[in-house]
Amino acid sequence: MKVLVVVRQVPDSTTTIKIRLDGCDIERTGVKMVVNPFDEFAIELAVQLREKRADVSAVTALIVGPAAAAEALRTALAVGADDGVHLQDPAFDGFDELQLAAAIAAVVRDGGYDLILLGKQEIDLDSGQLGPALAECLDWPHVGATVKAEFAADGRSVTAGRRIEGAEEVVEVRLPAVLTIDKGLCEMRYPSLPNLMRAKKKPVRTLGAADVPGLAAATGALGGTRMQDLQPPPERPPGKIIPGEPEQAARELVRLLREEAKVI
Amino acid sequence: MTPDTRTPDFLELDGLLTDDERHVRDAVGRFVDERVLPIIADCFEHERFPTELVSEMAALGLFGPTFKDYGCAGLSNIAYGLIMQELERGDSGLRSFASVQSGLVMYPIHRYGSAEQKERWLPALARAEKVGCFGLTEPDGGSDPGTMKTHARKSAGDWVLNGAKMWITNGTVADVAVVWARTDDGVRGFLVEKGTPGYTARDIHHKFSLRASVTSELFFDDCRVPERNRLPEAAGLSAPLSCLTQARYGIAWGAIGAAQACYREALTFAEQRTLFGQTLIHKQIIQQRLADMLRRITTAQLLAWQLGRLKDQDRMHHTQVSLAKWNNVRMALDVAREARDLLGAGGISVEQVPVRHMLNLESVITYEGTETIHQLIVGRQITGVEAF
C-alpha cells in the first residue's frame, strides 16, 4: 500500500493575522508558518500505518507552495514520511481549492497510491474543500472529518468513523480513497532532532507547472474562483452597563433584550 | 522588513541561522510551549522537578545533540545554543538538567573517557535511561577548585574516595556522578555509580531558586572505585574546567531565553494595563524601560551567535565564553528584575514568569563561575596578571 499525505503550511495560530495590502489574501511573508494542525494528524496516521503494517511500502508527503514550504515538508519527513513532492511555481499562487486539487491529481494519478490523507480543513482560510475536491478529480471515494480509521487486514478497505451531530457515523470505503482527518484521531509526535537532520537527506521532487502533465487542460476548464477582497471582522461595539438597583436593572435588561436586541 | 520587537529578534538573528538551526529552535520551542509552560509554575511553586519530561526530552534528542556518534543528532554549536535558549525560556531548572547531562556528563566521558566507558554510558545517557551529575564544587566553596579537599588514594588497584561535593544538580537522581578529586598526580576524574558503597547523596531543600530542579550534596566515605572507572584522558584541573566551558557556553544562550520570556510578558502587560487614563505603553518611562530590555537582549543574541560561530570553527577561547556568560546572565537577571517590577503587584506571583526567572537567575549568575570570577578571567586576559 502506498500512502500520500497532503500537507499545507499555515500561519502559526499565535501570530497576529494581517490582510495583505492588495486585500486578496492574508499576509504570508514575514509570518511564522507551521504545518496545518489538521494535516499533522494525517501525517501521524500515515506514519503509524507505515510502522504497524508490513504491507505499507511508502509514505509520500506532498505540498504546494513557495520555497519556504519546504520547511513543512521537512517536518513531515522528520516525523516519518519516506519522500516528498514539492509543487512550486508562481503559476499555482492564485489557484483555488478545485484547481489545486486538479493539479495534485494530475501529479499523483499515476503514482500508484492507495490512500490519500490530509486534514479536514486549513486553520487559515478554513475552506475544507481540498480533500473532497481531490477525491472528485481522481474519481475516488472520500470520507470527511474522520476520527477513527480501521484498515482491513487485506489492505483493500477502511472502516472510518465520523463525528456528526449527536452521533458517530461509521462508513466503510474501498481503497483507493481520500480520507480527511479531524482532531481526536491521533496527535503528531514531536520530530526528534536526529530525525530532523536525517530528513534533509530524504528525496524530495520539486515540480514546476511545466512538470504537471496536462495542467492547463485540467485547471483551465475549471475556471476557478478568485479572492476579491478580505475584510477584518467589524470591531465589537463596547458593552453596556445598566446602572441601578438589581431589580430595576434586571427589568431594564429584559426590556433591552426584547425591544432592542430582539433576542427574547 | 519591520524589526521583530515581539520575540524579540530586533537585528534579525533569524537570518543568520541555517535552516537546520531554525528547525531545531522551532521544534524545541514547540515542546517548551506545549509541554513545559503549562506545568512549570506549579513545579516551581511546589519544589518539584518535572521528571516526566525527561524521557520526552530524550526522545526529542536533546541530550548530547552535538555529538555525531552514539545516536546523537550531530548539530552545530549554534543549534545547541538555541536548544538551551528555548529550554530556559521554559525554566532554568530544565535547562540546567540538559546542560549537566550534555555538557558536564556526556562531554567529559566523550572527551576523556575510555572506549568501554563511552560504549557503556553515552547511548544510555543520550536516551536518558541513565542520568548523570557533575561533582566539582565543595561545601567550602566553588570558585577555587584547585584547593578541593576531596581526594582519591590508590589502594590495591582501586581508588578510594573521601570528601564531599555541594550544590550538585541532579545529584540524588543521578545513576552516575562525574567526580573530580585530588590524587598524588593532581586532579583526576572518576565515574562513581549510584549504589557504590560509601557514596551517598542528599537533596538540598529550602532553596528560593531553581525550585524545579534537583540540587544535592554528595558524600564519599572510603568509597572504592575501580581503576576502569577513572577517566583515563583527564589529567589536571584543566579537564573539569574544559567541561565548565561547555556548560557556560550553553548558559550564555540559555539566559537569552529567560530574558525573552520576561520581556514578552512585560510588553503584553504594558499594552493592556491602563494607568492614568492610558495604557502603559504611552508612558515615556515604560517605553524607555522596554527599549532598554530590547537593547540588552539584542546585544546578547548577537554576542551568543558570534561565540557559537567561533565554537563551530573550533576557534572559541574560554575567556570569550566568560565574557558571554557574564554579559548574558547579567542581562537576563536585570531584564527579569525590570520586568518583575514593571508588572506591579501581579509581578510577585508565580503565575507571571518574571519572578520565577528572576529567582532562578540568581543561581545562574552564581554557578558555573560567579560573575566576579568571569570578570577576573577577562581581566587576566587583558592584563596577563592573575588577580583572583
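What number of lysine-lysine pairs in chain B show an alpha-carbon separation below 14 angstrom, given a sequence spacing of 8 or more or placement on distinct chains?
For chain B, the number of qualifying lysine pairs is 4.
Specify which residue in the list B:168, B:145, B:72 is farthest towards the positive end of the charge dipole of chain B, using unit charges on the beta carbon of Lys, Arg (+1) and Asp, Glu (-1), about the Cα centre.
About the Cα centre, the residue reaching furthest to the positive side is B:145.
Where both residues lie in the protein assembly as shown, what percent of DSSP beta bridges are antiparallel, nearest 5?
Details: 49 of 80 bridges.
Taking every DSSP beta bridge within the protein assembly as shown, about 60 percent pair in antiparallel fashion.
Please compute the alpha carbon radius of gyration of region A:138-214, then divide it by the globular-protein estimate 2.2 N^0.38 Å. Two decimals is fine.
1.50
Number of Lys pairs in chain A with C-alpha atoms less than 23 angstrom apart, excluding same-chain neighbours closer than eight positions?
Going through chain A pair by pair, I get 17.
Tabulate in residue order the Karplus-calculated ³J(HN,Hα) for region A:118-127, using 6.51 cos²θ - 1.76 cosθ + 1.60 with θ = phi - 60°, rounded to whole Hz; enter x for Gly and Pro.
7, x, 6, 7, 9, 7, 8, 9, 6, 6
With all protein chains present, how much of the accessible area of region A:1-121 (probe radius 1.4 Å) comes from carbon and sulfur, to the nearest whole percent?
Carbon and sulfur: 52 percent of the exposed surface of region A:1-121.
Which three semi-axes in whole Å describe the equivalent ellipsoid of chain B, each the square root of 5 times a Cα gyration tensor eigenvalue, listed largest first?
With the √(5λ) rule applied to chain B, the semi-axes are 37, 21, 20 Å.
What is the distance in Å between the Cα centroid of region B:114-164 and that of region B:194-255?
Centre-to-centre distance over Cα atoms comes out at 6 Å.
What is the interface area between chains A and B, defined as buried accessible area summed over both chains with a 1.4 Å probe, reported in Å² to the nearest 100?
Roughly 1500 Å² of accessible surface disappears when A and B pair.
What Kirkwood Rh does region A:152-256 have if only Cα atoms enter the pairwise 1/r average? Answer in Å.
Values: mean 1/r = 0.0447 Å⁻¹.
Its Kirkwood hydrodynamic radius stands at 22.4 Å.
Quick check on chain B: helices-only [θ] at 222 nm, where DSSP H runs of length 4 and up contribute -39,500 (n - 2.57) each and the sum goes over total residues. Nearest 500, please.
-15500 deg cm²/dmol
Could the peptides B:125-138, B:89-102, B:146-159 be put in order, highest first, of the mean number of other beta-carbon atoms found within 10 Å of their residues? Present the calculation step by step, with values, prior to reporting the outcome.
Working: B:125-138: 22.5, B:89-102: 27.6, B:146-159: 14.7.
Output ranking for B:125-138, B:89-102, B:146-159: B:89-102, B:125-138, B:146-159.
Tell me the accessible surface of residue A:95 in square angstrom (1.4 angstrom probe, heavy atoms of protein chains only), to the nearest ten.
Roughly 40 Å² of residue A:95 is accessible to a 1.4 Å probe.
Compute the accessible area per residue over the protein assembly as shown, keeping the other protein chains in place, probe 1.4 Å, unit Å².
That works out to 46 Å² per residue.
Quick check: the angle from helix A:70-79's long axis to the longest principal axis of chain A, C-alpha only, nearest 10 degrees?
Once rounded, the angle reads 70 degrees.
What area, in nm² and to one decimal, does the C-alpha convex hull of chain A cast on average over all directions?
Quarter of the Cα hull surface area: 19.2 nm².
Would you mind computing, in nm to one decimal, how far apart the modelled labels at residue B:351 and residue B:306 are, each placed 7 Å from Cα along Cα→Cβ?
4.3 nm
Largest first, what is the accessible-area ranking of B:357, B:110 with a 1.4 Å probe?
Largest to smallest exposure gives the sequence B:110, B:357.
Measuring from label point to label point, each 7 Å out along Cα→Cβ, what is the residue A:21 to residue A:159 span in nm?
Using points 7 Å along Cα→Cβ, the separation is 5.7 nm.
Under a plain spin-label model, where a point goes 7 Å from the Cα along Cα-to-Cβ, how far apart in nm are residue B:45 and residue A:53?
Distance between label points: 4.7 nm.
Which sequence of B:334, B:140, B:222, A:182 reflects their accessible areas, 1.4 Å probe, from the largest down? If you can, show how the numbers build up before the last one.
Details: B:334 45, B:140 125, B:222 95, A:182 20 Å².
In descending accessible area the options line up as B:140, B:222, B:334, A:182.
What list of ³J(HN,Hα) values in whole Hz, one per residue of region B:24-29 in order, does the Karplus curve 6.51 cos²θ - 1.76 cosθ + 1.60 (θ = phi - 60°) give from phi, with Gly and Pro shown as x?
So the J values, rounded to whole Hz, are 4, 4, 5, 5, 6, x.
How large a share of the accessible area of region B:13-126, in percent, is made up of carbon and sulfur atoms when the probe is 1.4 Å and the other protein chains stay in place?
50 percent
Just counting partner chain Cβ atoms within 10 Å, what average do the residues of peptide A:186-192 show around their Cβ? Write down the numbers at each step before the final one.
On the way: counts 0, 1, 0, 2, 11, 7, 8.
Counting Cβ atoms of other protein chains within 10 Å of each residue's Cβ and averaging gives 4.
Which translational diffusion coefficient, to the nearest whole µm²/s, is obtained for region B:177-320 from the Stokes-Einstein equation, given a Kirkwood hydrodynamic radius over C-alpha pairs, 25 °C and 0.890 mPa s?
Working: Rh = 19.7 Å.
Value of D from the Cα-based Kirkwood radius: 124 µm²/s.
Arranged from highest to lowest average of other beta-carbon atoms within 10 Å per residue, in what order do the peptides A:206-214, B:317-325 appear? It would help to have the intermediate numbers written out before the result.
Numbers: A:206-214: 14.1, B:317-325: 20.9.
Most protected by this proxy first, the peptides run B:317-325, A:206-214.
Ratio of region B:13-126's C-alpha Rg to 2.2 N^0.38 Å, to two decimals?
On the way: Rg = 14.5 Å, N = 114, 2.2 N^0.38 = 13.3 Å.
Relative to the 2.2 N^0.38 Å estimate, region B:13-126 comes out at 1.09.
Rounded to the nearest 10 degrees, what's the angle between the helix B:318-342 long axis and the longest principal axis of chain B, both from Cα atoms, 0 to 90?
The two axes meet at around 40 degrees.
Sort largest first and round to whole Å: the equivalent ellipsoid semi-axes of region B:158-239, each the square root of five times a Cα gyration tensor eigenvalue.
Over the Cα atoms of region B:158-239, the ellipsoid semi-axes are 24, 14, 11 Å.
How many percent of all Cα-Cα pairs in the protein assembly as shown sit more than 32 Å apart?
In whole percent, the long-distance tail amounts to 58.
Which trypsin sites (Lys or Arg not before Pro) in region B:217-308 sit in a loop by DSSP (not H, G, I, E or B) and have at most 15 other Cβ atoms within 10 Å of their own Cβ?
Numbers: sites: B:224, B:228, B:230, B:248, B:264, B:273, B:283, B:289, B:295, B:296; in loops: B:273, B:283.
Taking region B:217-308 and a limit of 15 other Cβ atoms within 10 Å, the loop trypsin sites (Lys or Arg not before Pro) found are B:283.
Can you give me the Cα centroid spacing of region A:187-264 and region A:45-87 in angstrom?
A separation of 26 Å, based on Cα centres.
Which ³J(HN,Hα) values, rounded to whole Hz and listed in residue order, are derived for region B:138-152 from phi using the Karplus coefficients 6.51, -1.76 and 1.60 in 6.51 cos²θ - 1.76 cosθ + 1.60 with θ = phi - 60°, glycine and proline given as x?
Those phi angles translate into 10, x, 7, x, x, 6, 10, x, x, 9, 4, 9, 4, 9, 10 Hz.
Would you please give the residues with an amide H less than 5 Å from that of residue B:175, counting only those at least 5 places away or on a separate chain, with H modeled from the backbone geometry?
B:131, B:132
Could you give me the percent of Cα pairs per 10 Å distance bin for region B:238-383, shortest bin first, beginning at zero and ending with the bin that holds the maximum distance?
12, 38, 29, 15, 6, 1
Out of residues 5 or more away from residue A:85 or on other chains, whose amide H comes under 5 Å of its own, with H placed 1.01 Å from N in the peptide plane?
Placed amide hydrogens put A:61, A:62, A:63, A:205 under 5 Å from residue A:85.
Using a 1.4 Å probe over the heavy atoms of the protein chains, calculate the carbon and sulfur portion of the accessible area of region B:287-381 as a whole percent.
50 percent
Counting only protein heavy atoms, probe 1.4 Å: which residues of region B:5-24 lose 10 Å² or more of accessible surface in the full assembly compared with their chain by itself?
Output list: B:19, B:20, B:22, B:23, B:24.
The values are calculated or read from the model by the stated rules, or taken from the named source; none is laboratory data. These numbers were taken from a predicted model, which means no experiment stands behind them. Methodologically, a virtual Cβ is constructed for each residue, glycine included, from the backbone with ideal geometry; neighbour enumeration extends over all protein chains shown. We work out accessible area using only protein heavy atoms, side chains counted, and drop any ligands, DNA or RNA first. Shrake-Rupley method; radii C 1.70, N 1.55, O 1.52, S 1.80 Å.
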